[in-house]
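The values are calculated or read from the model by the stated rules, or taken from the named source; none is laboratory data. Here the structure is a predicted model, which is why all the values come from computation and not from measurement. Here Cβ is always computed from backbone atoms with ideal geometry, including for glycine, and neighbour counts include all displayed protein chains. Heavy atoms of the whole protein, side chains included, go into the accessibility calculation; ligands, DNA and RNA do not. Shrake-Rupley method; radii C 1.70, N 1.55, O 1.52, S 1.80 Å.
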Amino acid sequence: AGPGASPIACTVMIVQAVFVAPFTEEFIFRGVMLPWLSRSWWGGWVAMVGAVVFTMLYAPGQWQPLAFALLICLLGFAYTFPQAGEQWVRRSIIGTALLFAMVHVNVWPSPMPLFVLGLALGWAAHRTRGLIAPIVLHSLFNAVSAIVLLFGLFD
């Protein structure tokens, strides 16, 4: 939906972007995956490998998304190398943020800012021990994006 789209198409896009996607994605990535993966030293690695595999499957032959995913994995490895307990959480935040970003690989280069958003959402979920903050932040992010799309502000 963009400038000149039907009111129904605009409404559906807004509802999906501002309500459905944030609730669904935050439940999956920060509500289920992040706490589960944070319990083990290998949890973040599993998410990072999953992001790389997802990228290879859904962006075959595209080197930029794969290079981005591999770079984040290397940086995540370097940042969280010690096997201390809190590092498990940091590694899982990085891994779930990368997986969240690469699930959106079909709209490259969107995964790059979405990775940064995923880091903030993961940190918010971990710090607040809940999903309200990440859902609200995700909804606001998507609302701004929807406004830009609807009004064609950067055409």
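Determine whether R91 is open to solvent by less than 40 Å² (accessible area, probe 1.4 Å) and either within 15 Å of A21 (Cα to Cα) or of a type in the set (K, R) (or both). It is true that R91 is open to solvent by less than 40 Å² (accessible area, probe 1.4 Å) and either within 15 Å of A21 (Cα to Cα) or of a type in the set (K, R) (or both).
Select from segment 95-113 the residues that are assigned to a helix (DSSP H, G or I) and either of a type in the set (F, W, Y) or without any contact (Cβ under 8 Å) to a residue 24 or more places away in the chain (or both) and write down the one among them that is surrounded by the fewest Cβ atoms within 10 Å (Cβ to Cβ). My answer is V107. Mind checking whether some residue in segment 114-127 is in contact (Cβ under 8 Å) with a residue 40 or more places away in the chain and either open to solvent by 50 Å² or more (accessible area, probe 1.4 Å) or more than 14 Å from the chain's Cα centre (by Cα) (or both)? Looking through segment 114-127, at least one residue is in contact (Cβ under 8 Å) with a residue 40 or more places away in the chain and either open to solvent by 50 Å² or more (accessible area, probe 1.4 Å) or more than 14 Å from the chain's Cα centre (by Cα) (or both). Inclusion of V18 among residues that are more than 16 Å from H126 (Cα to Cα), more than 13 Å from the chain's Cα centre (by Cα) and open to solvent by 70 Å² or more (accessible area, probe 1.4 Å) is not warranted.
Given the condition open to solvent by 50 Å² or more (accessible area, probe 1.4 Å), of a type outside the set (K, R), modelled with pLDDT under 95 and in a helix (DSSP H, G or I), answer yes or no: does some residue in segment 54-77 qualify? So far as segment 54-77 goes, yes, one or more of its residues are open to solvent by 50 Å² or more (accessible area, probe 1.4 Å), of a type outside the set (K, R), modelled with pLDDT under 95 and in a helix (DSSP H, G or I). Residues in segment 28-53 that are under 18 Å from T80 (Cα atoms) and aromatic (F, W, Y) were compared, and the one that is surrounded by the most Cβ atoms within 10 Å (Cβ to Cβ) is W45. When A146 is tested against (1) at pLDDT 95 or above; (2) among the aliphatic types (A, V, I, L, M); (3) over 13 Å from the mean Cα position of the chain (by Cα), only condition (1) is not met.
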